[in-house]
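The values are calculated or read from the model by the stated rules, or taken from the named source; none is laboratory data. Since this is a predicted model, take the numbers as computed values, not measurements. Cβ placement follows ideal geometry from the backbone for every residue including glycine, while neighbour counts extend to all protein chains displayed. Calculation scope for accessible area: heavy atoms of the full protein, side chains included, ligands and nucleic acids excluded. Shrake-Rupley method; radii C 1.70, N 1.55, O 1.52, S 1.80 Å.
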Amino acid sequence: MTPEHLGFHHRHDGLWCDDVRLADVARAFETPCYVYSMARLNFQLDRFGRAFKNMNVLPCYAAKANNNPAILSHIAACSSLPWGMDAVSAGELKAGLAAGFSPGRMIFSGVGKKDAEIEFAVEHDIVLNVESLFELEGIIAIAKSRRKRARIGLRVNPDVDAHTHPKITTGKKKNKFGLSGSMIELALKRILETGEFIRLCGVSAHIGSQITDVSAWRIAAGHLVQLTDSISESGHEGLEFIDFGGGFPVRYEGETEPPGIEAFANAIRDAQACARLASTKNLRIIVEPGRWVVAESGGLLTSVIGVKEHFVVVDASMTELIRPALYEARHEIVFEGHHELAAQGDCFDIVGPVCESSDVLAQDIRLNSFPKKNQLAVILQAGAYGFTMASHYNLRPLPPEIVVKQDLMALTRHRQNL
Ligand code: LLP
């Protein structure tokens with residue numbers, strides 16, 4: 001496959017994903033549906049491997065971005081670099097194990113883990129990133145009752161502004177995530193007291209998502225490295241990792257090219273090189289990329305239902321892709337037959353059938369001709385936080401997910417009615 005045929009593209013006879021015509025996908029599975037390009041996913045995995053070459057890294061894919069079983073198994077089986085997984089619920093932990101991720105390479109994050117979820121992680125020796133003192137006490141109690149030594153990380157809140165959308169900022173003091181200031185001290189003291197049941201394996205932070213400001217990320221990384229030094233100096237032995245979180249950006253419609261993954265790899269390298277202790281310099285690096293891995297591999301395939309005035313009503317909606325309604329996100333949309341959006345021409349809003357005024361998928365799109373009933377369109381950069389945030393609102397079914405590998409397509413999740 002030539003590079004221009006990687007992922008979603010136009011050919012003379014319409015829209016394609018890798019070597020499959022999207023018209024054939026629509027005929028076989030109907031729209032709206034998610035389509036994933038394995039070639040694009042491989043491209044990201046390879047690029048990640050190159051960016052972190054010669055670094056002691058364990059990438060833990062954040063499954064909240066896309067939990068399609070075929071995608072999870074594909075990442076779990078990546079041959080160039082072993083990947084782990086970051087989960088935020090027992091559901092994600094189980095999906096990760098079923099996909100073949102080894103428990104030793106999994107991280108359990110989240111601000112409100114329930115006892116049953118903690119028990120599951122402790123039983124499987126999965127590292128829990130602890131976000132509060134109450135959670136630490138819960139883990140100690142569970143480990144004690146099970147005669148286990150729970151493996152934990154401390155997720156800290158560095159109070160660093162990631163300069164991203166307020167709804168996906170997580171590292172400021174006002175955000176609910178992580179331990180800050182005196183809480184960290186108390187947690188460390190408690191870990192020393194209860195070492196029989198708790199083993200501190202590392203520290204972590206995640207300051208937000210879609211971070212285009214590498215300097216904010218550098219500050220948080222520096223903070224984690226310094227904290228690791230001081231934790232080691234205060235008598236905590238056996239640290240295994242520093243977990244720098246996720247947040248690597250992709251380019252959405254109308255945006256300039258964001259910094260590449262290489263810039264973030266360099267920021268980690270620099271931060272770790274500044275450690276005072278040799279032990280900190282040599283610790284394993286964990287990162288938790290979600291969006292960056294899968295966003296570009298996914299497209300939401302939709303068909304035109306009809307056009308009225310400047311509204312193009314399509315069969316996809318905020319129930320399949322809530323990002324435009326929730327974060328004012330702008331996803332590129334490509335109509336079959338419109339090779340380029342016209343500089344001049346009619347301007348349209350692309351809307352779904354849901355009974356909400358916010359059910360707008362794209363605004364002010366210029367098209368060189370009037371879209372027709374059943375014309376296909378694909379909404380791009382939809383592989384991350386697309387299907388995973390879909391809902392049954394208006395009693396709509398969840399869309400099916402189709403994986404494309406070269407010229408083959410496979411249904412990996414059925415359309416699901418309530
Ligand atoms: N690690 C933790 C602890 C996280 O909370 C997240 C995302 C990630 C890693 C992965 O972040 P990423 O690399 O994907 O940026 N629904 C929003 C994004 C929410 C992100 C939540 N946490 C959106 O559609 O933009």
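Structure notes:
- Only residues that are touching a Leu at 6+ places or on another chain (Cβ under 9 Å), more than 14 Å from Pro59 (Cβ to Cβ) and in a helix (DSSP H, G or I) were counted across the stretch 93-120, and they come to 7.
- Of the residues screened, Ser132 is not one that is of a type in the set (Ser, Thr, Tyr) and open to solvent by 70 Å² or more (accessible area, probe 1.4 Å).
- Selected residue (only one of Val354, Val378 is at negative phi, more than 25 Å from the chain's Cα centre (by Cα) and among the β-branched types (Val, Ile, Thr)): Val354
- Screening the candidates Asp46, Asp24 for the property of being open to solvent by 10 Å² or more (accessible area, probe 1.4 Å), farther than 27 Å from Gln375 by Cα, assigned to a helix (DSSP H, G or I) and out of contact with any Gly (no Cβ under 8 Å at 6 or more places or on another chain) yields one hit, Asp46.
- For the stretch 328-347, the condition holds for no residue, the condition being that it is surrounded by fewer than 20 Cβ atoms within 10 Å (Cβ to Cβ), at pLDDT 95 or above and assigned to a strand (DSSP E or B).
- Pair list, Cβ under 6 Å, 6 or more apart: the stretch 201-220 residue within 11 Å of the ligand (Cβ to nearest atom), other residue part of a strand (DSSP E or B): Ser204/Asn129; Ser204/Gly153; Ser204/Arg155; Ser204/Asp243; Ala205/Val156; Gly208/Thr169
- From the options Thr256, Thr302, residue that is more than 23 Å from Gly202 (Cα to Cα) and part of a strand (DSSP E or B): Thr302
To keep it simple, each residue is scored yes or no on (1) within 16 Å of the ligand (Cβ to nearest atom); (2) in the same structural domain as Thr319 (by TED's automatic domain parsing); (3) open to solvent by 60 Å² or more (accessible area, probe 1.4 Å).
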{"residue": "Ala377", "(1), (2), (3)": "no, yes, no"}
{"residue": "Gln381", "(1), (2), (3)": "yes, yes, no"}
{"residue": "Ala384", "(1), (2), (3)": "yes, yes, no"}
{"residue": "Phe387", "(1), (2), (3)": "yes, yes, no"}
{"residue": "His392", "(1), (2), (3)": "no, yes, no"}
{"residue": "Leu395", "(1), (2), (3)": "no, yes, yes"}
{"residue": "Glu401", "(1), (2), (3)": "no, yes, no"}
{"residue": "Val404", "(1), (2), (3)": "no, yes, no"}
{"residue": "Leu418", "(1), (2), (3)": "no, no, yes"}
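- Being of a type outside the set (Val, Ile, Thr), assigned by TED's automatic domain parsing to the domain that holds Gln272 and in a strand (DSSP E or B) is a condition met by at least one residue of the stretch 126-133.
- Ala265 at pLDDT 95 or above and under 24 Å from Gly84 (Cα atoms): yes
- Pair list, Cβ under 9 Å, 6 or more apart: the stretch 346-362 residue touching a residue at least 60 places away in the same chain (Cβ under 8 Å), other residue open to solvent by 50 Å² or more (accessible area, probe 1.4 Å) and acidic (Asp, Glu): Ala362/Glu253; Ala362/Glu332
- Some residue of the stretch 78-89 being more than 13 Å from Glu288 (Cβ to Cβ), open to solvent by less than 30 Å² (accessible area, probe 1.4 Å), under 18 Å from the mean Cα position of the chain (by Cα) and within 16 Å of the ligand (Cβ to nearest atom): no
- When the stretch 291-315 is filtered for residues that are open to solvent by less than 40 Å² (accessible area, probe 1.4 Å) and within 16 Å of the ligand (Cβ to nearest atom), the ones remaining, listed by number, are Arg291, Trp292, Val293, Val294, Ala295, Ser297, Gly298, Gly299, Leu300.
- A single entry from Ile219, Ile231, Ile191, Ile142 fulfils the requirement of being in a helix (DSSP H, G or I), open to solvent by 20 Å² or more (accessible area, probe 1.4 Å), of a type in the set (A, V, I, L, M, F, W, C) and modelled with pLDDT of 90 or more: Ile219.
- Pair list, Cβ < 8 Å and 6+ apart or interchain, from the stretch 1-18 residues that are more than 19 Å from Leu301 (Cα to Cα) to residues that are part of a helix (DSSP H, G or I) and modelled with pLDDT of 95 or more: Met1/Ala39
- Residue in the stretch 255-270 that is over 27 Å from the mean Cα position of the chain (by Cα) and away from the ligand (no atom under 15 Å from the Cβ) present: no
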